[in-house]
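One structure below.
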Amino acid sequence: MKEMFINQYTLSNTGVPLRLPHGMLVHNNAAGYNDRDGFLAICEHFVKHVCAVDPDRKRFLFIDGHDSHFNPRALRLLLANNVFPFFLRANNSSVDQPNDNGPNAVVKSNYGVCYDKKFASLNRGGLARSTTMNPSIFNEIFLEAWNLTR
């Protein structure tokens, strides 16, 4: 399934290079966050790439209870495609969200390694002090961590 990137930064619309793989889907609202339209885009992406393989198979999708995830059209789309959303409490991910305690923990660990490596290389070049984290650097580090995880 092609990755989908929800960017929490408004620069994705300003021409700043984000260093994302070709063809990666990006969504954010004007403030730079996910919203109900973004959740619909995520659900459409999920149905297109996952449900098309075996449309009769029932699936459970674990989602946190953030307000942006309550889009009636998106929820109807999921249910129509045998995807049953299971809402977890918002702002409680460290306790009850399986992804944060499983697969995301590996990505976070790899991100830390890649982050240290990136800033060590900037430091060797004398650039670390003048370089601040920005979407381009974040995406470069995150994608390296993601590829290590896969």
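Side notes on the structure shown:
- Whichever residue in the stretch 37-55 is charged (D, E, K, R) and at pLDDT below 90 and, among such residues, is least open to solvent (accessible area, probe 1.4 Å): ASP54
- Check on PRO72, over 17 Å from the mean Cα position of the chain (by Cα) and at pLDDT below 65: no
- All positions within the stretch 115-139 that are farther than 29 Å from PHE62 by Cβ, of a type outside the set (A, V, I, L, M) and either modelled with pLDDT of 85 or more or open to solvent by less than 80 Å² (accessible area, probe 1.4 Å) (or both): ASP116, LYS117, LYS118, PHE119, SER121, GLY125, GLY126, THR131, ASN134, SER136
- Which listed residue is open to solvent by less than 70 Å² (accessible area, probe 1.4 Å) and at pLDDT below 85, from GLY112, GLY65: GLY65
- Condition met for VAL107 (modelled with pLDDT of 80 or more and closer than 24 Å to ILE63 by Cβ): yes
The values are calculated or read from the model by the stated rules, or taken from the named source; none is laboratory data. From a predicted model like this one, the values you see are computed outputs, not experimental measurements. Note that each Cβ is placed from the backbone with ideal geometry, even for glycine, and that neighbours are counted across all protein chains shown. The accessibility values were calculated without ligands, DNA or RNA, using every heavy atom of the protein model including side chains. Shrake-Rupley method; radii C 1.70, N 1.55, O 1.52, S 1.80 Å.
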